[in-house]
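Structure, as structure tokens:
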Amino acid sequence: MRKKEKIDLVKKGSIITAITLISRPLGYIREAVQAYVFGATFLVDAFVVAYNFSDLVQTLFFSGITGSILVPVCSKYLGDDSRYSYVYSTFLNLSLLLTTVFSFVLFLFSERVIELIAPGFSPYARTITRNLFVIMIPIIVMYGALSVMKSFLNAKEHFAAPEASGIVWNLVFILCCLFLSKSLGIYSLAIGATLGSLIQVLLQYPFLRKLNVRYVPKVDLSHESINEAKRLLFGALIGASIVPINSFVDRILGSFLPEGHVASLSYAFRIFILPFSLFAVPVYTVAFSNISRLYHEKAWTPLFSYLDNSLLLLSVTLIPSLFLLCGLSTEIVKLLYERGAFGPEETLLASRALLGYGIGLFFYGLSMLFVRVFNAIHDTKTPAKIGIVSIFLNVILDLVLMVPYKNLGISLATSLVSLYNMLSLFILWRRKTGYRVGKEAIYAIGKSVFTGLFILASIKLTKSLTANPALLITLNATICFLILLILFKDLLIELLKSKF
């Protein structure tokens, strides 16, 4: 069972990783095209403010909580396509109804909304922002529907279409920016964002049909799945708010530091989130759907085995990554950003922030995994309680560490909060279920730490030989990969035998 689950995690997770390797660079290209066409003007400011608010609203109140609720709920009906389709239709129609009403309210009060989110804009800039905001209000409806579709596809262990939809969105946005900007100006970006969201939703439809998930025009509020979703709602809502709130607090407190520190945190976090997206997101996304299914089957032994293998894979990927991030923080920032107005001083600031974030990469990944594991067994309250405490802890650590260490202190606070979240969730999971980490996972952690320490020595040696950032990153990443191949050759052989 253990080998089968491990290979299953890697195979399905690799689909998400491969798509991320395409979508992330495409996101950078999208921003570059936007900058090329419109530069850094008040028009772009207006678009960013309008889009970010719409995105924040749908993330916090709709798509951010949907996955936490729906995957555990709908997994109960996997063995019956008719009931599964009925539950799917109920939640999809309910999502469309709620988001449409909410969007209409936002439209009616759009002027007041813009006054609140862009108080410093001139009257003309606020008018442009309102127009952009109104064009993009349908994104809330589209993403609400997309989150429902994604949950029901993931529960059936289909991950490609929901993840690939991000690539489609970027492409549509880029095309609208390039071909509509001359006639529509900045509004081409809003049209691209909204049209891309619609196409994302339409893309899911054929895959749902292929998996025998059919739509019916029903909203059965008395269905047992609705009652279960209500029970999980409050905890999921709180849980979805923790990361945005902590990030918001970091930015506010960072504004008291000298100029450039807030921007450095943003640049560093963008780098930090890449290995997390490549390695952690695929693992906990696949594990979430499978653990939800195993919980309904009351199959605790394979459930623990699946969790063990998730820990193993996160250890193999995130621990070496954190050593690379920390040891080569300056070189990574220099390679990615140091050009034009971004000089050596900015590189130093961003690399300090990256060092603080990098220390907590493994803790951040594991804490997110355990949040999903609790959600999978229909417990959203425990992660929510831990998350609420983490908000206050984050404020305290920010205030204590930012004075002596400035932006490094704020990013380090994030890592320490992640450590607290991970340990708290692990201890409570162990008390709740009696779970014990398997020997293979413990050995994997030890081997991964050894790899990281070896890499630190390698980085110190190679830095004495060359100062070229691209060469340093390539050399040490290659050395890291070769060590992992040697230490985890059994895992590689398992994958090769399975015709991976």
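The values are calculated or read from the model by the stated rules, or taken from the named source; none is laboratory data. Everything quoted here is computed from the prediction, not taken from an experiment. Reconstructed Cβ throughout: ideal geometry from the backbone, glycine too, with neighbour counts over all protein chains shown.
Looking at Leu484, is it closer than 16 Å to Phe362 by Cβ, touching a residue at least 60 places away in the same chain (Cβ under 8 Å) and either in the same structural domain as Ile359 (by TED's automatic domain parsing) or aliphatic (A, V, I, L, M) (or both)? Yes.
Taking residues in the range 294-308 that are on the phi > 0 side of the Ramachandran plot and at pLDDT 95 or above, and partners anywhere that are crowded, with 20+ Cβ neighbours inside 10 Å and among the hydrophobic types (A, V, I, L, M, F, W, C), not one pair has Cβ atoms closer than 9 Å while being at least 6 places apart or on different chains. Scanning the range 216-244 for residues that are within 17 Å of Val71 (Cβ to Cβ), of a type in the set (A, V, I, L, M, F, W, C) and at pLDDT below 90 returns Leu233, Ala236, Leu237, Ala240. The requirement of being basic (Lys, Arg), over 22 Å from the mean Cα position of the chain (by Cα), under 25 Å from Ser321 (Cβ atoms) and surrounded by fewer than 24 Cβ atoms within 10 Å (Cβ to Cβ) is fulfilled nowhere in the range 421-430; no residue meets it.
For first residues located in the range 262-279 and assigned by TED's automatic domain parsing to the domain that holds Glu338, partners that are of a type in the set (Lys, Arg) and surrounded by 20 or more Cβ atoms within 10 Å (Cβ to Cβ) and lie 6+ apart or on another chain with Cβ distances below 9 Å form the pairs Ser264/Arg352; Ala268/Arg352. Exactly one residue out of Leu189, Leu171 is part of a helix (DSSP H, G or I) and surrounded by fewer than 18 Cβ atoms within 10 Å (Cβ to Cβ): that is Leu171.
For residues in the range 234-261 being in contact (Cβ under 8 Å) with a residue 40 or more places away in the chain, farther than 16 Å from Leu399 by Cα and over 20 Å from the mean Cα position of the chain (by Cα), which is surrounded by the most Cβ atoms within 10 Å (Cβ to Cβ)? Within the range 234-261, the match that is surrounded by the most Cβ atoms within 10 Å (Cβ to Cβ) is Gly260. So for the range 90-110 (the condition being touching a Phe, Trp or Tyr at 6+ places or on another chain (Cβ under 7 Å) and closer than 16 Å to Asn52 by Cα), does at least one residue qualify? Within the range 90-110 (the criterion being touching a Phe, Trp or Tyr at 6+ places or on another chain (Cβ under 7 Å) and closer than 16 Å to Asn52 by Cα), the answer is yes, since at least one residue qualifies. Looking for something touching a helix residue (DSSP H, G or I) at 6+ places or on another chain (Cβ under 7 Å), closer than 30 Å to Leu348 by Cα, surrounded by 20 or more Cβ atoms within 10 Å (Cβ to Cβ) and at pLDDT 95 or above - is there at least one such residue anywhere in the range 382-396? Scanning the range 382-396, I find at least one residue that is touching a helix residue (DSSP H, G or I) at 6+ places or on another chain (Cβ under 7 Å), closer than 30 Å to Leu348 by Cα, surrounded by 20 or more Cβ atoms within 10 Å (Cβ to Cβ) and at pLDDT 95 or above, so the answer is yes. Can you find a residue in the range 75-85 that is closer than 23 Å to Leu303 by Cβ, in contact (Cβ under 8 Å) with a residue 12 or more places away in the chain and under 23 Å from the mean Cα position of the chain (by Cα)? Yes - at least one qualifying residue is present in the range 75-85. Under the condition of being buried (at least 17 other Cβ atoms within 10 Å of the Cβ) and not hydrophobic (A, V, I, L, M, F, W, C), the residues counted in the range 192-227 number 7.
Just to be sure before I move on: is Leu146 crowded, with 21+ Cβ neighbours inside 10 Å and closer than 13 Å to Ser54 by Cα in the structure I sent? Against the criterion (crowded, with 21+ Cβ neighbours inside 10 Å and closer than 13 Å to Ser54 by Cα), Leu146 does not qualify. Considering only residues in the range 326-348 that are under 22 Å from Gly254 (Cα atoms) and either hydroxyl-bearing (Ser, Thr, Tyr) or in contact with a Leu (Cβ under 9 Å, 6 or more places away or on another chain) (or both), the one that is modelled with the lowest pLDDT turns out to be Tyr337. Against the numbered list (1) surrounded by 23 or more Cβ atoms within 10 Å (Cβ to Cβ); (2) closer than 18 Å to Asn394 by Cα, Phe363 comes up short only at (1).
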